[in-house]
1. Let me know the volume per residue of the alpha-carbon convex hull for the stretch 32-118, in Å³.
2. At a 10 angstrom cut-off on C-beta neighbours, averaged per residue, how do the peptides 101-108, 74-81 rank from highest to lowest?
Amino acid sequence: MSSIPLSGIHPLPLEYAEYILARPPTLTLDSGYLFQALAVKEGERILAEALTRFPVKHALCIHRVGSLDLTEMAVWVGVSAAHRGEAFDACRFIIDEVKHRVPIWKKEHYRNGDSGWVNCERCAAAPHHSHDHGHNAA
């Protein structure tokens, strides 16, 4: 099975995708553990924000890492709410924030043997967000 990637990086049939917990090319053998802790912590912040911003009772998000076949799910988001509109709004918020804030990068592998990192301009840009991480702008 192959498909055309939605990322727009390369118009070639996609073979599989790889997700890593680091910003390329900074990946080292030990950096995966550091980024895993950061990813979990940021993911927990996102879920907590969703619970305060939307009238939902529960929220959960799972993002897989490693090599995934095109038929495998990379991200799952679920919430429970009294009304589906509120649930959909919370899900949309969670997935958008995960893609923007969690340090998981996607590498697409094409059928011709070529590969490329998905361009995430928002992730590569300097952070400008409203929540506090305890850091100060220089």
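1. Roughly 103 Å³ of hull volume per residue.
2. By packing density, highest mean first, the sequence is 101-108, 74-81.
Coordinate-derived values only; no laboratory data. Keep in mind it's a predicted model, so treat the numbers as computed, not measured. Positions of Cβ are backbone-derived with ideal geometry, glycine not excepted, and every protein chain shown enters the neighbour counts.
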